[in-house]
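First comes the structure, then the notes that go with it.
Any read-out appearing in this document is the output of simple, stated calculations on the displayed coordinates, not a laboratory observation. This one's a predicted model, so the numbers in the text were calculated from it and none came from an experiment. We place every Cβ from the backbone using ideal geometry, glycine too, and count neighbours over all the protein chains shown.
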Amino acid sequence: MKLSYGRMFSDKLDGQHGLARAQLNDLIQRFPAVIAEVDTRRQRGEYGFYGLGDQGDVVRGIKKFADGVGQAYDHVLVLGIGGSALGMKTLLSALRPPAWNELSDEAREYFPRITILENVDPTSIAGALSRIDPRRVFVNVISKSGGTAETAAQYLVVRAWLDQALGPDAAVRHLAFTTDPAKGPLRELAAREGIAALDVPPEVGGRFSVLTPVGLLPAALIGIDIERLIQGARKALDEAQRPDLLNNPAGLYSALLWAADAWLGARIHVLMPYSDRLRDFAAWFVQLWAESLGKRSDRRGQPIFAGPTPVPAVGATDQHTQVQLFMEGPFDKVVTFVRVEEVDEIKIPTRPGLPDDFAYLPGHTIGELLNAEQEATSAALARMGRMNATISLPRLDAGSVGELIMFMQLATGFAGVWYGVNPFDQPGVELGKRLTFAAMGRPGYSREGSVTLDQSLPSDLAGA
């Protein structure tokens, strides 16, 4: 993996916008204190995801299950939301062929199909259950706390569906929970009913958990090489130990994005992979960056209302939807491109009588066109004074995706220090959870001052 960052600086832009080279020296001088704080906080039990490069026993156990009992099922149904779903969606789209569920058994090498239910939209749930055979499904219920309202509701619906089709005794053989190792409602149910349960490491937050059993179990079931995933993650972790900022890619990336925000007001951070297979990775990044860094107070409790706004985009599609704004709108954005160097190529054929406006294309390939568009967009933004960087992957395989995922998690951890916030809590999300619990009548949560379930329209909208 390679990070190209020259177009963050004014001498590679229009000479008026972007960071000054002297500011890079400032960041280099500050970085030893940043990495030292990360090390201190790791010793205090924070930054638990650093330990995910060493999971030999976990990986071997999951592979044994996937290669054994896991082969008895032809559909995997994942129930989760947020970090319990976005990471697995990323792995699926990046590392399995497109339209995985539409492929024949032979084309899938007889690995199961997979459905990830990440919301409580009743239409989606009913549609999924109508097309899945309960006799052949493996249901993985994922919630670190074990009490997430959406996942609990999904589980109760799916469990009733399994019980009706198979009977309660047989249904438990189609279930596994991935949750806290010691506490929470799912752990309690697993112990009471004899349901298989995997551990989410207590020190790893949900949005950092894709490289734990949260993502590793369903990934292994559909044939993704989880050993290579962890090997790639380990490579990023090794590089993140380097004290020299210019040789620490995740540290450097976080420093540049923070500097663009803090010093130049570029508070919108666009992630734009030039690959449909990384579309879900961009969505995963949005949660990681937004929920980790968007905070109203710093670690000392002082109000700061910090946090960049992450925006997902996909090239070349969003050249025709968003790039006009990036090119000529406010100077408040940094665009990070992700490109893949080696792809399965499609040669553009020729045919008789082509108009001149088409005649330049034959002889090239679709992948060549895609990468040419990425470089052209980056260069065009630079000419307009717009900061941008590029992450290049040699190919999309388990090793490179594991490295990319861990790179972004590391960058987020470093950014927490640059911004002076705790990147591992989410108090704003917790407030919404408490109000939901109150509205639904969960014991211990007062309805006073909470939302209600009244769905009537305001009088001025009635009949509209």
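Values computed for the structure shown
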read-out	value
Nearest-ten-degree value, helix 366-383 long axis tilted from longest Cα axis of the chain	60 degrees
For the chain: relative contact order, % (alpha-carbon pairs under 8 angstrom, 6 or more apart)	21 percent
Cα centroid separation, the range 258-289 to the range 370-392 (Å)	15 Å
Positive minus negative residues near H364 (Lys, Arg vs Asp, Glu; Cβ under 13 Å)	-2
Correct choice for Kirkwood radius over Cα pairs in Å that was computed from the model, options [x] 23.0; [y] 24.0; [z] 24.9	[y]
Shape category assigned to the range 229-334 from the gyration tensor of Cα positions, a/c cut at 1.5	oblate
Proxy reagent accessibility, fewest Cβ within 10 Å first, across M408, M1	M1, M408
Order of D332, D225, D180 - criterion: other Cβ atoms within 10 Å of each residue's Cβ, fewest first	D332, D225, D180
Surrounding net charge for R60, when Lys and Arg each add one and Asp and Glu each subtract one, Cβ distance under 12 Å	-1
Rounded, prolate or oblate (a/c below 1.5 giving rounded, otherwise prolate when a/b exceeds b/c) for the range 49-226 by Cα gyration tensor	rounded
Loop sites in the range 260-298: chymotrypsin sites (Phe, Trp or Tyr not before Pro), DSSP, at most 14 other Cβ within 10 Å	none
Candidates per GluC sites (Glu not before Pro) in the range 75-162, loop by DSSP, up to 13 other Cβ within 10 Å	E106, E109
Alpha carbon centroid spacing (whole Å) that separates the range 20-39 from the range 129-198	47 Å
Antiparallel bridges, percent of DSSP beta bridges restricted to the chain (to nearest 5)	15 percent
11 Å beta-carbon shell around V172, net charge (K/R +1, D/E -1)	0
Sites matching GluC sites (Glu not before Pro) across the range 197-259 that sit in DSSP coil, with at most 16 neighbouring C-beta atoms within 10 Å	E203
Likely footprinting exposure, V141, V270, fewest C-beta neighbours within 10 Å first	V270, V141
All lysines inside 27 Å of K235 as judged from Cα atoms, apart from same-chain residues fewer than 8 positions distant	K2, K63, K64, K89, K144
